[in-house]
Amino acid sequence: KAVASNGTKKTQSIAELQDALSILDKVLKTEVWDLHLELEQVPVATLFKRSLARMEAVIKTRQLWVQVHNLTTNVSLYTHSSSLELMLVELLLAASYRTKVGDHIDIWCRALQDNWVEISITDNGRLNPQLVNAIQEQSDQPTLSDSILETMPGLHFKVCKSLVEQLGGKLELANLEDGRSLSRLILPQV
């Protein structure tokens, strides 16, 4: 009898667990998940230093010359620093692999009016024009150009754009008239 009773308890426990998982499955399917980012004040110089440190091996391997322009020590952002740092690394990696070995990448930082900061990365590579258009036109409605954003490197840019928008900023990509490409982050300073 003890064995039969034990088997019944196990069956009952399994049935209860299945019911609980079924309810949890329904909740997960209907729940809206949002990424909550804790914001902190971080100097842009610190973000650049940490991002470039992560990029050191790629920079050395590709023999790139990377220079930061217009950086003053008093420019800070109130942001989620690790997310922004990873976005900078992604944008710098893309620029590094677009650029010819031995070429250079420039990083520009400037404070804009009304408490905005612009961080621009220019390189001598070329961005895929379809990718530039897809990023600039990306909306909540799927379009034919969205397919380029579902594969690399478009997916990386899509994720960066989504994260920077959650931080209150925007990401722009462009091919410049002088043959260089531009990746620009515009972020709120406060």
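What follows is calculated from the coordinates using simple rules that are stated; it is not laboratory data. Keep in mind it's a predicted model, so treat the numbers as computed, not measured.
Here are some notes:
- Gaussian network model of the chain, springs between alpha carbon atoms under 10 Å - residue of S76, S51, S147 with greatest fluctuation: S147
- Cross-link table K49/K158; K26/K170; K60/K170, entries beyond 27 Å C-alpha to C-alpha: K26/K170; K60/K170
- The chain shape via C-alpha gyration tensor axes, a/c threshold 1.5: prolate
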